[in-house]
Amino acid sequence: MVSLFPLTLTEGLVRRRGRVIMGPVSLTVEGRGLTVLMGPNGAGKSTLLKALHGIERLSAGRLGHGCPSDQSHAAQAFVFQTPVVLRRSVAANLAYPLKLHGVGRAERARLIEDWSARIRLSDRLDQPAARLSGGERQKLATARALIRSPQLLFLDEPTANLDGRSTREIEDLLRAARDGGTRIVMATHDFAQARRLADDAWFMMNGRIVETGPSPQFFDTPTRSETRAFLRGDILE
Ligand SMILES: Nc1ncnc2c1ncn2[C@@H]1O[C@H](COP(=O)(O)OP(=O)(O)OP(=O)(O)O)[C@@H](O)[C@H]1O
């Protein structure tokens, strides 16, 4: 499969209702690793993730990939903060992206067995996904996004409101995916999680990227006063 990297956002800007809610932002995503996107509420993190994924209309600027856009779309996935589960069984949820991309029946069955075991839902495959708990749904949504081994995965607050065990399970899935070669960009408000997972971090405020850096330097010795204040827990106006 061709590579969708580098993914480049050039002077990307999103304006809604006459207000700039993101940008201008220019950045390049390539290679491997897990990037954590941090910043106060309303900073524009979700908007940036969606812009990078190509589902947020840019008011100005340009999004580019290393391959044609139909292929770049098929090579990436997005897990929303409130996971979307289909009103079907757990198995059908896992099968959905595989069917969509023409994966054959035998391979589908193998992948569903493997991934349902990894998220500890093997014995619930025939149950309606809508009946799962919040943590189980989030795990299902994450597995459904990863089941095709995407080149790039975006996640928006993947463990908000989950308990310690579910959080750990999702973090394990993400680490394994990252180690397997999936490039990950995720927004989180959880500082401890950011430190546990990040290879590098981006800090965003008022729609702009203020600082980027590798972990752990980003967390231990950020260069910008706004980043330091945010990581200290100060309220940023
Ligand atoms: N469709 C829209 N129309 C108008 N304003 C919008 C729209 N979508 C988002 N916004 C505003 O843009 C700003 C950035 O929103 P966004 O959801 O990207 O921030 P965020 O950093 O992800 O926030 P949070 O941490 O609270 O999830 C917010 O002030 C939000 O109210």
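Every number here is computed from the coordinates shown, using simple stated rules; none is lab data. Just so it is clear, the model here is predicted, and its values are computed rather than measured. Glycine also receives a Cβ, built like all others from the backbone with ideal geometry; neighbour counts cover every protein chain displayed.
Please state the shape class of segment 63-129: rounded when a/c is under 1.5, otherwise prolate if a/b exceeds b/c and oblate if not, all from the C-alpha gyration tensor. Prolate, because a/c is 1.5 or more and a/b exceeds b/c.
How much length, in nm to one decimal, is gained on full extension between residue 109 and residue 126, taken as 0.36 nm per residue of separation minus their Cα-Cα distance?
Numbers: separation 17, 0.36 × 17 = 6.12 nm, distance 1.33 nm.
Length difference between fully extended and current span is 4.8 nm.
Toward the positive end of the charge dipole of segment 34-119, with +1 on the Cβ of Lys and Arg and -1 on the Cβ of Asp and Glu, the farthest Cα among 89, 102, 51 is that of 89. Dividing the summed -39500 (n - 2.57) terms of all DSSP H runs of n ≥ 4 by the residue count of the chain sets its mean residue ellipticity at 222 nm at -11000 deg cm²/dmol. Across segment 42-101, Cα-Cα pairs farther apart than 17 Å form 54% of the total. Rounded to the nearest 10 degrees, the inclination of helix 164-179 to the longest alpha-carbon principal axis of the chain is 90 degrees.
Evaluate the charge dipole of the chain about its Cα centre and quote only its size in Debye, nearest 20, assuming +1 on the Cβ of each Lys and Arg and -1 on the Cβ of each Asp and Glu. Don't skip to the answer; put the middle values down first.
Working: 34 positive and 25 negative charges, 141 e Å.
Dipole about the Cα centre, nearest 20: 680 debye.
Would you work out the relative contact order for segment 180-226, in percent, from Cα pairs under 8 angstrom that are 6 or more residues apart? Intermediate values should be presented prior to the final figure.
Numbers: 34 pairs, mean separation 12.5, N = 47.
Relative CO of segment 180-226 lands at 27 percent.
What full-extension length gain, to one decimal in nm, is calculated for residue 228 and residue 59 as 0.36 nm per residue of separation minus the Cα-Cα distance? Spell out each step's value before the answer.
Values: separation 169, 0.36 × 169 = 60.84 nm, distance 3.10 nm.
Difference between extended and current length: 57.7 nm.
Between amide H atoms placed 1.01 Å from N, distances below 5 Å from residue 205 occur with 210, all of them 5 or more places distant or on a separate chain. With 5 Å bins beginning at zero, the pair-distance distribution over Cα atoms of the chain amounts to 1, 6, 14, 17, 19, 16, 13, 8, 4, 1, 0 %.
Farthest toward the positive end of the dipole of the chain, out of 215, 73, 119, is the Cα of 73, where the dipole comes from beta carbon charges about the Cα centre. Modelled label positions at residue 189 and residue 149, each set 7 Å beyond Cα in the direction of Cβ, lie 3.6 nm from each other.
How far is helix 90-100 tilted off the main Cα axis of the chain, in degrees rounded to 10, range 0 to 90? Relative to the chain, helix 90-100 is tipped by roughly 80 degrees.
Tell me, what is the FRET efficiency for residue 1 and residue 235 to the nearest 0.05, using R0 = 41 angstrom and their Cβ-Cβ distance as r? Efficiency computed from Cβ-Cβ geometry: 0.35. Each residue of segment 39-45 is assigned a 3J(HN,Hα), and the resulting list reads x, x, 3, x, 5, x, 5 Hz, derived from the Karplus form 6.51 cos²θ - 1.76 cosθ + 1.60 (θ = phi - 60°), x at Gly and Pro. Output the 0 to 90 degree angle, nearest 10, between the alpha-carbon long axis of helix 105-118 and the longest principal axis computed from the alpha carbons of the chain. Taking Cα atoms only, the helix is inclined about 60 degrees. Largest first, the extents of the alpha carbon coordinates of segment 4-122 on the three principal axes equal 48, 32, 27 Å. Remark: segment 18-29, residue by residue, has Karplus-estimated 3J(HN,Hα) of x, 10, 6, 9, 7, x, x, 10, 10, 7, 10, 10 Hz, where x stands for each Gly or Pro and the curve is 6.51 cos²θ - 1.76 cosθ + 1.60 at θ = phi - 60°. Taken over segment 123-237, the alpha-carbon convex hull comes to 130 cubic angstrom per residue. When both segment 74-118 and segment 1-70 are represented by their alpha-carbon centers, they are found 25 Å apart. Note on segment 130-200: dipole from Cβ charges, positive end direction compared against 170, 184, 143; the farthest Cα belongs to 143.
Once you keep just the Cα pairs under 8 angstrom separated by 6 or more residues, what percentage relative contact order results for the chain?
Values: 425 pairs, mean separation 64.5, N = 237.
With pairs under 8 Å counted, the relative contact order is 27 percent.
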